[in-house]
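The values are calculated or read from the model by the stated rules, or taken from the named source; none is laboratory data. Predicted model, so just to flag it, every value in this text is computed and none were measured. Cβ coordinates were reconstructed from backbone atoms using ideal geometry, including for glycine residues, and neighbour counts include every protein chain displayed.
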Amino acid sequence: MFKRKPHIALSEAEQIQLAQKDHRYFGPLYEKYFEMMYRFIFKRLGGKEEIAGDLVQQTFIKAMANIGKYEDRGLPFSAWLYRIAQNEVNMYFRSQKNNYTVEITDRQVIGILEEAGENEFTQEDLQQLIEIINNLEESQIEIIELRFFQEMSFKEIADIYSISEANAKMRLYRLLEKIKQQWKKQS
């Protein structure tokens, strides 16, 4: 009679260490994060499935090729992948010189207003805020998207942009103040 070897679950850190030594061990990381990266890129591209698939593939090819350079800085591995994915999206937009759209739900817009210190607003106010966001620079929209739509922590955002956590907070709150001032001007 044959005995089966017990299945040993590896931690993410152990999986990364194995993948750094042998790319064949990258598969579980790919499987774990594929859908998350696809959704992120898909939203950034405004729903372009084929291009999103290509950029996700590029993201994971670059991640696998550079896994040896990955350093655990106390953040989830996904933050490193998000940075690679964001760079791929940015390179795509630079090559296409296109604008992109982000789907925004009322709940997400309300979250932005509440974070900006506004607790009373109408449906018209929500539409006005969406127009203001649409007129922001691409880099400003990225920060809003990461914080409110991807629900990332300031630490994760800081890692994506290679800045301090305090700098990530400062950028977001300055941006929220700018949005608030534009919103009050239009009211």
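Brief remarks follow.
- Reported count of residues in segment 161-187, each being modelled with pLDDT of 85 or more, hydrophobic (A, V, I, L, M, F, W, C) and part of a helix (DSSP H, G or I), is 6.
- Extreme residue, modelled with the highest pLDDT, among residues of segment 126-148 that are in a helix (DSSP H, G or I) and among the polar types (S, T, N, Q): GLN140
- Of the residues making up segment 17-27, at least one is modelled with pLDDT of 85 or more, surrounded by 11 or more Cβ atoms within 10 Å (Cβ to Cβ) and either of a type in the set (A, V, I, L, M) or within 18 Å of the chain's Cα centre (by Cα) (or both).
- Applying the condition of being buried (at least 16 other Cβ atoms within 10 Å of the Cβ) and among the hydrophobic types (A, V, I, L, M, F, W, C) to segment 52-63 and asking which residue is farthest from ALA13 (Cα to Cα) yields ALA52.
- Test for ARG44: is it surrounded by 18 or more Cβ atoms within 10 Å (Cβ to Cβ) and modelled with pLDDT under 90: yes
- Restricting GLU177, GLU165, GLU156 to those that are over 18 Å from ASN87 (Cα atoms), touching a helix residue (DSSP H, G or I) at 6+ places or on another chain (Cβ under 8 Å) and either assigned by TED's automatic domain parsing to the domain that holds GLU115 or among the acidic types (Asp, Glu) (or both) reduces the list to GLU165.
- Candidates are the residues of segment 149-160 that are part of a helix (DSSP H, G or I) and modelled with pLDDT of 80 or more; the one that is surrounded by the fewest Cβ atoms within 10 Å (Cβ to Cβ) is LYS155.
- In segment 69-96, of all residues being part of a helix (DSSP H, G or I) and loosely packed, with under 14 Cβ neighbours inside 10 Å, the one that is modelled with the highest pLDDT corresponds to LYS69.
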